[in-house]
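As structure tokens, the structure follows; a few thoughts come after it.
The values are calculated or read from the model by the stated rules, or taken from the named source; none is laboratory data. None of these values were measured; they are calculated from a predicted model. Please note: Cβ atoms are built from the backbone with ideal geometry, for glycine as well, and neighbour counts cover all protein chains shown.
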Amino acid sequence: MNYIDSNLKVVGTRPIRPDGIDKVTGRAVYSADTRAAGMLWGKILRSPHAHARIISIDTSKAEAVPGVRAVVTAADFPEIASEEAFVGEGPMNFRDLSTNIMARTKVLYEGHALAAVAATTPAAADEALALIDVKYEVLPYVIDVDEAMADGAPVLHDDMFTAGVNPKPSKPSNIAKVVTFKKGDADAGFAQADIIVEGRYTTKPVHQGYIEPHACLATYNPDGQVTIHASSQGHFMIRAYTAKLLGLDMADIRVNPAEIGGGFGGKTLIYLEPVAVALSRKSGKPVKMQMTREDVFRGSGPTSGASMDIKIGAKKDGTIVAAKQVLRFQAGAFAGSPIGPGCMCGFALYDIENVDVLGYDVVSNRPKVAAYRAPGAPITSFAVESALDDLADKLGIDPLELRIKNAAKNGTKTHYGVTHANIGFEQVLAVTKAHPHWTSPVAPGNGRGIAMGFWFNIGGESSATVHVNEDGSVTAATGSPDIGGSRASMGMMVAEVLGITVDRVRTTVADTASIGFTFLTGGSRVTFATGMAVTQAAEKVVEDLKRRAAQTWDIPVEAVEWRDGMAYPAGSNAGAFEPLDLAALALKAGRTGGPINAEVSVNAQGAGAGFGAHICDVKVDKETGHVEIVRYTALQDVGKAIHPSYVEGQIQGGAVQGIGWALSEEYIYNAKGQLDNPGFLDYRCPVASDVPMIEAVLVEVPNPRHPFGARGVGEVPIVPPMAAIRNAIKHATGLQLTDLPMSPPKIRAASDAAA
Amino acid sequence: MARQHVTATINGEETDFLCETQQTLLDTLRDVVGLTGSKEGCASGDCGACSIIMDGRLVCSCLVLGVEAEGSTITTIEGIADGEKLHPIQQKFLEHAALQCGFCTPGLIVATKALLDENPNPTETETRYWLAGNLCRCTGYDKIIRAVMDAAAVMRGETV
Amino acid sequence: MTSLSYAAPTSVDDAVKLLAGASGLAKVLAGGTDLLVQMRSGRVKPDLIVDTKKIPGLIGIREENGGFVVGASTAGAVVEAHAGMTKAWPGVVEALDLIGSTQVQGRCSLAGNLCNASPAADSVPALYAAAAIAVVVGPKGRREVPVEQIPTGPGRTSLAKDEFILEFKFPPRPARSSDAYLRFIPRTEMDIAVVGCGISVTLDANGVCTAARVSLGAVAPTVLLVKAAADVLVGHTLDADTLAKLDAAAQAACKPISDKRGTIEYRTKIAGVLARRVAAIAFDRAAGKSSGKAH
Amino acid sequence: MPTVVLSSGGSCRELTGGLTTFEVEATTFRRLVLELEQRFPGLGKQVEESMAVAIDGEIFQDAYGAVLKPGSEIVLIPKIGGG
């Protein structure tokens, strides 16, 4: 059923979320908030070296510490065969996942886990960690992506031969794979170009920055049953990977989803759970593990640092005729950076005849990269949207007009083989052009920048149930962890279909034993895919209710209508019966077939791609290089905003993460390849006084493949900010910056050099 | 390990507990007293998720030793509401959708209470600088600032 | 097992006896906003913690023969709320106000900030510019020490094992005197100073500087008192030439390191920039023009 | 016959000996995967495990039943995840 053109009573309103009370009173239970009787504290020993061979690990002294009940190393984990797994943002190898959680023969980054201890008190666990005697053979390390690709660079994996190269190389390399996407003939295109811009851009690794450190509580029962209490972006993912890494049946593992304290992609894979289960199995006691903020920075995956070359050619009239990009992404210790989406997203916004994109997935001695909100797209768009602004300058065309002239439309074929359908980029550009922020004059001395962003958004597998309780109230349950208010949007869709008020619907997140498989929360997919499942489940309930009303009135089911939460006889000849509401039907459920429930599982197809445009005004203190964000507006095609407040929240949150990525966030390493800023003091996330209000403008071009027209919204907003701010700085100072973060020392050095 | 006996008034109730000398007030509140509303985001005073009000001052409970709480008066997130009746700050955070994951919310609500106790009519800038010690990664702060200023207006009796 | 013990003496003498009698490492605890972070990361493993907040006089502000006396454990937020200090020493107050977050403000103390002996401590350049005096107590009784003689290097002070600071004396202010403090950080809050600068001046009726003290933070192993920069100001108004010389003198005094917060070259340039901006605020305040709170 | 285009995602071309466009007799996605495996051993498995398919421009992550029309253009692209 499709509700796009009907007048909606609940969808589009702004109700208070059902789980809100617990969160504002401190009662919500997050990953570290539970305890169990007889619980032990688990702690991990992490490598101080960026690259070293493990010669030996002697745990005898550690095991002798009073209070220590178990010590584990890689020996306690089965050797996993090399097998592809789909992890959050890209393919990753189960053997690598296991080795990333517990190093086997080599430690590949500072912070790499190589042993773990469980003890009765945290102090005893710390003392035991200090007594684990590890003999290392320290090896030369490499972190920067270009250095890692150079000949003679220290090689991380002797068995890594670059994939995607013909003939297959004979020498091991840090380049895991090469990807290419071509359309038309780039060289011919550049030959016709009147104006060409080129540039080399680099970005530093940045962390998702969720405030809740990873944590879990695991219990291995004598009968082999395992229960895990943990927050994540996918508790089914925890179950699947823990089972795989420990050789257990998934049916023997039950994962209870704790409230999650932010993820942004960083919690689409696991670090602690298999270790906690192994410690629990060895000690016979529940084991609680909790990363410190330092552990999170040293031991969990940020996104790639990258270096990129870009070349764009256009005719005098502004038509882009050719575009070329070479992207080099850090994958961290194991293969699997977001190089695929990185290559695909940059030019996906434009209708360009000749495109040539070459991408490298490069390992180096830092934590394995994990997904971070539209993985790869923010990095590649920083280069594309900056180069386009320079192109507009050279052409003497307004930068927004240049986008409008080349914008992708429905039917535009992308360079990676997909043809755009049901997209709203033109509408976003039109609203942007008319927006007061764009049309108002720039304050003297300030600079204004604009940049665009794209993300595919995905669908995928989701399960949802809708139960009508005996009193007619409704309980919905899905398998999707709720990070940003999805319980509210799920409840709203159910209420709309059933024709009742949203306060009559309570939505919960069901554990792995209480609902069908549901892929993780990520790829901006929950409102689209899980929303589709919960809507269909509600529709099945309506059909069932109509059948029960027909049975009650003893008339054919075709003669029953469902409106505003009640069954009505369809037309006078069907009989003058009093309408039956949910409570009435639920009361007699026993007589009309038993409990009123429906469960639907889908593999949702047709996720609508998202487009965004960000406008940013900055003031630059040229003497110190400090950049102040004076005004920020983010416009985005959201298909249909189910709960507008939480759609705006995704856009505002993504924009501010982008502001941090643009101006102040980076990993800083010392001479020994160790992280120098593993904490929120010197890893500088934006604070409340760093940013103005972020005006989020919702453009609604419905996605016909979703019952309410929704499309993913969570990832697009982090793509435009870096280039929007870079372009604003350029228009304020004339400086054409190409390296992130655009921190005060770099801006001051650039203005000194330009002077 | 000598554990010290501490008596403090927590959320209006006389509370006795034992804590080890090196145990922070945050760990004591969570693991001994059982109030898990205050959260550990960094344990170094840089994120504010563990904010409480101690003897009238907004502080990070991860930068206070449990033993220092002897004889003090402490308000945690669990003490902001009046029984089941939400404080205007909590109500406005919900109405403005000023939280997404909610992990920083307890610290922000306590910090907002301390702000409005001291400055009933803060400007946007004053609010942003006062709350600079409370990191939020989901919301981009916009709706939080609007919720705080709306709550301030309610407490001044100007709106409902 | 870490055997840490804690004591909260209620008299100076008890505190001194505890410190003197301590077998292992004893640390004084005032606000604790540095000490607890260092303990948690394992950089400091004390055996005894002496909490000074329960000693009368350690917390509080009083006027004394025209100047102010501030208890060593007084939290920054308390000093900021004190009308007398804010009027006489706006620079010291704004420096204290910049230490960490509102939450840190509720705990951090002048003594803690000074004795942690970080070259980048926010309040210390303002204390040096103010020529504040630290009243140190120990087994041999009290002694008064100019604040700039307390820190001797990163994390090290001239205090003996069994000494601690009781209070700080701020001298009486002659007419047309004022001070100011600025720091440079990449964000707008929460960062450790990349460079800090405190300046205190006294002007004559024509606006000519008759006395000055200039102090720079985070550009050397300890906070610096830069006499050459002060000499540039004395005898002059803040004209373009004086500003240029002040900038140069400030840069010349810098002996910074490159670290995760700033490079040598950048810190040196910014020291010159801040010196000019702070001097302008201090001169304005001394002339009674404005007392804008500079964040 | 539907035509298959390898969106040069890199590693696939090793399995097709460098061929990037070819026709395959198949009316459903499932039949296509079986044909690919039979004609270029390993390619079918790779498409099945870690690739997505764009059929006439629209992405199908992994739907066996998806119908292929005679003139359809099928593009094999890396699977798209999310953060």
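Okay, here's what the table says:
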{"quantity": "In segment B:126-160, residue surrounded by the most Cβ atoms within 10 Å (Cβ to Cβ) [restricted to those that are facing chain C (nearest Cβ under 9 Å) and without any contact (Cβ under 8 Å) to a residue 12 or more places away in the chain]", "calculated": "B:ALA132"}
{"quantity": "Tally, over segment C:206-224, of residues that are out of contact with any strand residue (DSSP E or B) (no Cβ under 9 Å at 6 or more places or on another chain) and either part of a strand (DSSP E or B) or among the β-branched types (Val, Ile, Thr) (or both)", "calculated": "1"}
{"quantity": "A:ARG726 being crowded, with 24+ Cβ neighbours inside 10 Å, touching a Ser or Thr at 6+ places or on another chain (Cβ under 9 Å), of a type in the set (Lys, Arg) and assigned to a loop (DSSP other than H, G, I, E, B)", "calculated": "no"}
{"quantity": "Residue count for segment A:360-403, restricted to those that are farther than 21 Å from A:SER300 by Cβ and not in a helix (DSSP H, G or I)", "calculated": "4"}
{"quantity": "Listing of strands (runs of 3 or more DSSP E) fully contained in segment B:34-76 that carry 2 or more residues being buried (at least 24 other Cβ atoms within 10 Å of the Cβ)", "calculated": "B:51-54, B:57-60"}
{"quantity": "Yes/no for A:ALA754 being farther than 30 Å from A:GLY111 by Cα, of a type in the set (Gly, Ala, Ser) and at the interface with another protein chain (Cβ under 9 Å from one of its Cβ atoms)", "calculated": "no"}
{"quantity": "Criterion (β-branched (Val, Ile, Thr), assigned to a loop (DSSP other than H, G, I, E, B) and modelled with pLDDT of 95 or more) met by exactly one of A:ILE211, A:ILE238", "calculated": "A:ILE211"}
{"quantity": "Options C:THR33, C:THR2; residue that is modelled with pLDDT under 95 and under 23 Å from the mean Cα position of the chain (by Cα)", "calculated": "C:THR33"}
{"quantity": "Count of segment A:23-59 residues which are part of a helix (DSSP H, G or I) and in contact (Cβ under 8 Å) with a residue 60 or more places away in the chain", "calculated": "4"}
{"quantity": "Residue identified as buried (at least 20 other Cβ atoms within 10 Å of the Cβ), at pLDDT 95 or above, on the phi < 0 side of the Ramachandran plot and small (Gly, Ala, Ser) among C:ALA229, C:ALA240, C:ALA244", "calculated": "C:ALA229"}
{"quantity": "Checking A:SER300 against (1) in contact with a strand residue (DSSP E or B) (Cβ under 6 Å, 6 or more places away or on another chain); (2) within 14 Å of chain D (Cβ to nearest Cβ), the condition it does not meet", "calculated": "(1)"}
{"quantity": "Given (1) assigned to a loop (DSSP other than H, G, I, E, B); (2) over 18 Å from the mean Cα position of the chain (by Cα), number of the condition A:PRO302 does not satisfy", "calculated": "(2)"}
{"quantity": "Qualifying residue in segment B:83-97 (condition: facing chain A (nearest Cβ under 7 Å), of a type in the set (S, T, N, Q) and under 27 Å from A:ARG298 (Cα atoms))", "calculated": "no"}
{"quantity": "Qualifying residue in segment A:447-460 (condition: surrounded by fewer than 22 Cβ atoms within 10 Å (Cβ to Cβ), of a type outside the set (S, T, N, Q), within 14 Å of chain D (Cβ to nearest Cβ) and within 28 Å of the chain's Cα centre (by Cα))", "calculated": "no"}
{"quantity": "Hey, C:LEU246 more than 30 Å from C:ALA72 (Cβ to Cβ), touching a Gly at 6+ places or on another chain (Cβ under 9 Å), part of a loop (DSSP other than H, G, I, E, B) and not hydroxyl-bearing (Ser, Thr, Tyr) or not", "calculated": "no"}
{"quantity": "Subset of segment A:407-435 that is surrounded by fewer than 18 Cβ atoms within 10 Å (Cβ to Cβ) and part of a loop (DSSP other than H, G, I, E, B) - its residue that is nearest to the other protein chains (Cβ to nearest Cβ)", "calculated": "A:GLY411"}
{"quantity": "Residue count, segment A:281-297 (criterion: assigned to a loop (DSSP other than H, G, I, E, B) and either free of Cβ contacts under 8 Å to residues at least 40 places away in the same chain or within 11 Å of another protein chain (Cβ to nearest Cβ) (or both))", "calculated": "2"}
{"quantity": "Whichever residue in segment C:245-268 is charged (D, E, K, R) and within 17 Å of C:ALA228 (Cα to Cα) and, among such residues, is farthest from the chain's Cα centre (by Cα)", "calculated": "C:LYS245"}
{"quantity": "Every residue from segment D:59-79 that is facing another protein chain (nearest Cβ under 7 Å) and at pLDDT 75 or above", "calculated": "D:ILE59, D:PHE60, D:VAL75, D:ILE77, D:PRO78, D:LYS79"}
{"quantity": "B:CYS19 part of a loop (DSSP other than H, G, I, E, B), more than 15 Å from the chain's Cα centre (by Cα) and surrounded by 22 or more Cβ atoms within 10 Å (Cβ to Cβ)", "calculated": "no"}
{"quantity": "Residue identified as within 12 Å of chain A (Cβ to nearest Cβ), more than 30 Å from A:ASP126 (Cα to Cα) and modelled with pLDDT of 95 or more among B:THR76, B:THR105, B:THR24, B:THR36", "calculated": "B:THR105"}
{"quantity": "Residue match in segment A:675-688 (condition: within 22 Å of A:GLY453 (Cα to Cα) and touching a Ser or Thr at 6+ places or on another chain (Cβ under 6 Å))", "calculated": "no"}
{"quantity": "So B:ALA97, is it more than 23 Å from B:ASP46 (Cα to Cα), surrounded by 24 or more Cβ atoms within 10 Å (Cβ to Cβ) and at pLDDT 95 or above", "calculated": "yes"}
{"quantity": "Strands (runs of 3 or more DSSP E) contained in segment A:596-675 and holding at least 2 residues modelled with pLDDT of 95 or more and within 14 Å of chain B (Cβ to nearest Cβ)", "calculated": "A:610-621, A:626-637"}
{"quantity": "Subset of segment A:61-77 that is part of a helix (DSSP H, G or I) and touching a residue at least 40 places away in the same chain (Cβ under 8 Å) - its residue that is farthest from the chain's Cα centre (by Cα)", "calculated": "A:LYS61"}
{"quantity": "Test result for A:VAL656, crowded, with 24+ Cβ neighbours inside 10 Å and in contact with a Gly (Cβ under 7 Å, 6 or more places away or on another chain)", "calculated": "yes"}
{"quantity": "Residue that is surrounded by the fewest Cβ atoms within 10 Å (Cβ to Cβ), among those in segment D:4-54 that are more than 24 Å from A:GLY336 (Cβ to Cβ) and touching a residue at least 60 places away in the same chain (Cβ under 8 Å)", "calculated": "D:VAL5"}
{"quantity": "Counted residues, segment A:111-143 - those being touching a strand residue (DSSP E or B) at 6+ places or on another chain (Cβ under 7 Å), more than 23 Å from C:MET39 (Cα to Cα), part of a loop (DSSP other than H, G, I, E, B) and β-branched (Val, Ile, Thr)", "calculated": "1"}
{"quantity": "Which listed residue is outside any helix (DSSP H, G or I) and either under 30 Å from A:ASP5 (Cα atoms) or away from chain B (no Cβ under 14 Å) (or both), from A:PRO717, A:PRO692, A:PRO741, A:PRO686", "calculated": "A:PRO741"}
